[in-house]
Amino acid sequence: PAEPTAAERATVAMLSDLPEHQAVLTRWISRQYRVAPEPLAVLVAEAHDIGERMDIDPALLLAIMAVESRFNPFAQSPVGAQGLMQVLTRVHVDKFEAFGGTMAAFDPVANLRVGAMVLQECIRRAGGSVEGGLGYYVGAVTVDGSFYVKKVLRVYERMHKTLAPFDLPTYKRSLTL
């Protein structure tokens, strides 16, 4: 069988295929983080799909990616957190099984999905508080994670300002999961 072309292997989408509010947000992220809009379009659409299913604001997922990796799907921290949402693969091996194993941490969509599961667990653990969940997400169990939480929420608020002209359903900031 013939090898797939690069375009067939790429995880990209045309902005014209997105709803207008997602295209606007994609363009904003692209400018802010100097990342090509076509791969971002897939992530923005996926964040919206996941957010709807999991009752997590998609802008929160995107804000975490912005802070954690600046939208670099190959990012790795000194402690071994990997991918867009900087998931600790050695801790979340079970969550990556459905995606073929921990190397899927470098697949942008798989990393986003696993990161969303981790975030949802963290929010639950924090009694439904998004802020508390972000503290757990960054691993602020023994240290103060307020700097990280504030940074994510600042990006989150900027994304919401970008979306302000659109009449969108909003998600609760303090989730009860």
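A few remarks follow.
- Across the alpha-carbon set of region 88-163, the Rg to Rh ratio works out to 1.02, Rh being the Kirkwood radius.
- Å² of accessible area per residue within the chain, as computed with a 1.4 Å probe and no ligands counted: 53 Å²
- Note that region 56-67 has calculated 3J(HN,Hα) couplings of 10, 4, x, 5, 5, 4, 5, 5, 5, 4, 4, 6 Hz, one per residue in order, obtained from phi through the Karplus relation 6.51 cos²θ - 1.76 cosθ + 1.60 (θ = phi - 60°); glycine and proline are x.
- Protection-proxy order for peptides 60-73, 113-126, each taking the mean of Cβ atoms within 10 Å per residue, highest first: 60-73, 113-126
- Whole-Hz ³J(HN,Hα) from phi, Karplus 6.51 cos²θ - 1.76 cosθ + 1.60, for region 152-158, glycine and proline x: 4, 5, 5, 5, 4, 5, 5
- Alpha-carbon gyration tensor eigenvalues x 5, square-rooted, for region 72-127, Å: 17, 13, 10
- Based on the Stokes-Einstein relation at 4 °C and a viscosity of 1.567 mPa s, and on the Kirkwood radius from alpha carbon pairs, region 1-100 is assigned a translational diffusion coefficient of 88 µm²/s.
- Remark: region 89-147 carries a charge dipole of roughly 60 debye about the Cα centre, counting +1 on each Lys and Arg Cβ and -1 on each Asp and Glu Cβ.
- Calculated SAXS-style log₁₀ I(q)/I(0) at q = 0.10, 0.19 Å⁻¹ - the chain, Debye, Cα scatterers: -0.37, -1.36
- Carbon-plus-sulfur accessible fraction, region 22-136 (probe radius 1.4 Å, protein heavy atoms only): 50%.
- The string of couplings for region 18-28 from the Karplus curve (6.51, -1.76, 1.60, θ = phi - 60°) is 8, x, 3, 5, 6, 5, 4, 5, 4, 4, 4 Hz, one whole number per residue in order, with x for Gly and Pro.
- Binned Cα-Cα distances of region 102-142, short to long, each 10 Å bin given as a whole percent: 33, 42, 24, 1
The values are calculated or read from the model by the stated rules, or taken from the named source; none is laboratory data. Everything numeric here is computed off the predicted structure, so don't read it as measured data. Glycine gets a Cβ as well: all are built from the backbone with ideal geometry, and neighbour counts include every protein chain shown. Calculation scope for accessible area: heavy atoms of the full protein, side chains included, ligands and nucleic acids excluded. Shrake-Rupley method; radii C 1.70, N 1.55, O 1.52, S 1.80 Å.
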